[in-house]
Amino acid sequence: MLKEKVKALGLSIWFICAFFYALEYFIRSSSGALYYSFSAFPYNMSAEDISLSSSVFYLTYVVAQLPAGMLVDKYGIKRIMIISTLIFSISIFIASIVTSVNGIILYRSLAGLGGGFAFLCAFKSISLWLPPRLFPLFTGLTQFFLYVGAMLSAAPLVVLSKYFNVSVIMSGVFLISVIVFLLSVFLIKTHPEFSKNAYSKKQQTNSLVILIEVLRNKQIWLNGLYCFAIYGTTVLFADLWGIKYLKLSGFSQYNAGICTSLIFIGVAIFSPLWGMVASLLDGERKLLIIAPLLGVVVVILLLYVNTNLYMVFLLCLLFGGVQAVHVLNFSALRNTVPITSIATALALVNLFLPLSGGVLQPLTGEIISYLSQSHPELFAFKTTMVIIPLLMFFSFIIGFFIKDSRS
């Protein structure tokens, strides 16, 4: 009976953290869907204002990641979830009442700061409260929550914005965030191990020492580079160039939009499936090798043999499915680092995801602009998109050097 209560409590804590992760991602990616609302009265924001306010979220998120990881390791999930959900709720409340550019920038900054802890608390809860063998499965399920948030921030939010203004929408999100805050206060418990003296002494280890140990761990850097490469493929295609590329290839904008949506759906579906298979195999390495090898074939067919619309739909779904294997890099950490520094390690690996967009998007933009000066635009795109199968192949190579979590 006691074990069953512990399992139920662990699942509840994980669910609260994972739901907060989805809510954070919904807000993170909401600027595109609310673009026209922000550009109209009473906001009257320019494209530059909207892009600046959107990017501020990522800036505070990235800057806060490593410190956030150390704080989660030192103070535990409960305290951090209470503080982070409170900051996040305040940010959403600000969004519901302000109409100035500075007010929107403040809202996005605080949302990035508070939301930056969601990912770390979700994964820390898995490592603390759930059986080690189920870590890959719940890693995948956590990513499923993430992409549910992403999907809701796209077409559904666009539809919602046609019937309600930003203030009303944000008021609704504020109520949800307050509920998450209250659940963090009253339902999340401190892990029993956290109260033991031996564990407490470990927790008092200098945070700088923990950070240095994490930075010296080669496996963590390999996990990060793997994520950079394979996640970078969809950062380039699904997030930025995909619709334009497919339009140049002869597809309508509507169908091109469906294609990019199918990539995200593929990630959402396959994330828990990869986790389930990894749990059955009790290891991630084989999957981290096989998936990008299949991915090379999928993206080459998509980019250079894309004539049949329904085949392209299928390839986009598989593209997302292959990319979803990157979540296993997080579960592979569970035996690479001690549990007292798992959040710091997760934070370092997680940094490589937004970093891939920050590096690869402007790089490919420069290449396309350069080639377009002397060649047709489609040629410039086809040549530049070669980087996508190359990134898949790079992930395949890195996979051989990653250790299983059971090692």
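Quick one: in region 106-135, which of the residues that are closer than 27 Å to Ala278 by Cβ and among the hydroxyl-bearing types (Ser, Thr, Tyr) is modelled with the lowest pLDDT?
The selected residue is Ser127.
Being of a type in the set (A, V, I, L, M) and touching a residue at least 12 places away in the same chain (Cβ under 8 Å) is the filter; apply it to region 387-407 and report the residue that is surrounded by the fewest Cβ atoms within 10 Å (Cβ to Cβ).
Restricting to residues being of a type in the set (A, V, I, L, M) and touching a residue at least 12 places away in the same chain (Cβ under 8 Å), the top hit is Ile387.
Going by the conditions given, is Tyr43 modelled with pLDDT under 90, farther than 24 Å from Ala122 by Cα and of a type in the set (Ser, Thr, Tyr)?
no
Which residues, counting only those in region 117-157, are free of Cβ contacts under 8 Å to residues at least 60 places away in the same chain and among the hydrophobic types (A, V, I, L, M, F, W, C)?
Within region 117-157, Phe117 is the sole residue that qualifies.
For Tyr36, which of the numbered conditions (1) among the hydroxyl-bearing types (Ser, Thr, Tyr); (2) at pLDDT below 90; (3) not in a helix (DSSP H, G or I) fails to hold?
Status for Tyr36: all satisfied but (3).
Please find, within region 46-78, the residue that is surrounded by the fewest Cβ atoms within 10 Å (Cβ to Cβ) out of those that are assigned to a helix (DSSP H, G or I), of a type in the set (S, T, N, Q) and modelled with pLDDT of 85 or more.
Among residues in region 46-78 that are assigned to a helix (DSSP H, G or I), of a type in the set (S, T, N, Q) and modelled with pLDDT of 85 or more, the one surrounded by the fewest Cβ atoms within 10 Å (Cβ to Cβ) is Thr60.
Consider only pairs whose beta carbons are under 6 Å apart and that are at least six residues apart or on different chains; among these, list those whose first residue lies in region 22-49 and is β-branched (Val, Ile, Thr) and whose second residue is assigned to a helix (DSSP H, G or I).
Going by the 6 Å Cβ cut-off, the qualifying pairs are Ile27/Ala111.
Under 7 Å between Cβ atoms, at least 6 apart or on separate chains: pull out the pairs that start in region 247-267 with a residue that is within 18 Å of Phe319 (Cβ to Cβ) and end on any residue that is basic (Lys, Arg) and assigned to a helix (DSSP H, G or I).
Ala256/Lys247
To keep it simple, each residue is scored yes or no on (1) surrounded by 21 or more Cβ atoms within 10 Å (Cβ to Cβ); (2) under 23 Å from Gly149 (Cα atoms).
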site	(1), (2)
Pro272	yes, yes
Val277	no, no
Gly283	no, no
Ile290	no, no
Leu302	yes, no
Val305	no, no
Gln323	yes, yes
Phe330	yes, yes
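For region 81-131: of the residues being among the hydrophobic types (A, V, I, L, M, F, W, C) and not in a helix (DSSP H, G or I), which is surrounded by the most Cβ atoms within 10 Å (Cβ to Cβ)?
That would be Phe117.
Please indicate, with yes or no, whether at least one residue in region 312-335 is at pLDDT 85 or above and among the polar types (S, T, N, Q).
Yes, that holds for at least one residue.
Looking at (1) under 22 Å from the mean Cα position of the chain (by Cα); (2) farther than 23 Å from Arg334 by Cβ; (3) not hydrophobic (A, V, I, L, M, F, W, C), which is the only condition Asn306 fails?
(1)
Output the residues belonging to region 180-239 that are farther than 30 Å from Gly365 by Cα, of a type outside the set (A, V, I, L, M, F, W, C) and at pLDDT 85 or above.
Result: Ser184, Lys189, Thr190, Glu213, Arg216, Asn217, Lys218, Gln219.
Could we say that Ser261 is of a type in the set (Ser, Thr, Tyr), in a helix (DSSP H, G or I), in contact with a helix residue (DSSP H, G or I) (Cβ under 8 Å, 6 or more places away or on another chain) and more than 30 Å from Pro338 (Cα to Cα) here?
yes
If you check Val299 against the conditions, is it in a helix (DSSP H, G or I) and out of contact with any Ser or Thr (no Cβ under 8 Å at 6 or more places or on another chain)?
no
The values are calculated or read from the model by the stated rules, or taken from the named source; none is laboratory data. Computed from a predicted model, the values in this text were never measured in an experiment. Virtual Cβ from ideal backbone geometry, glycine too; neighbours counted across all protein chains shown.
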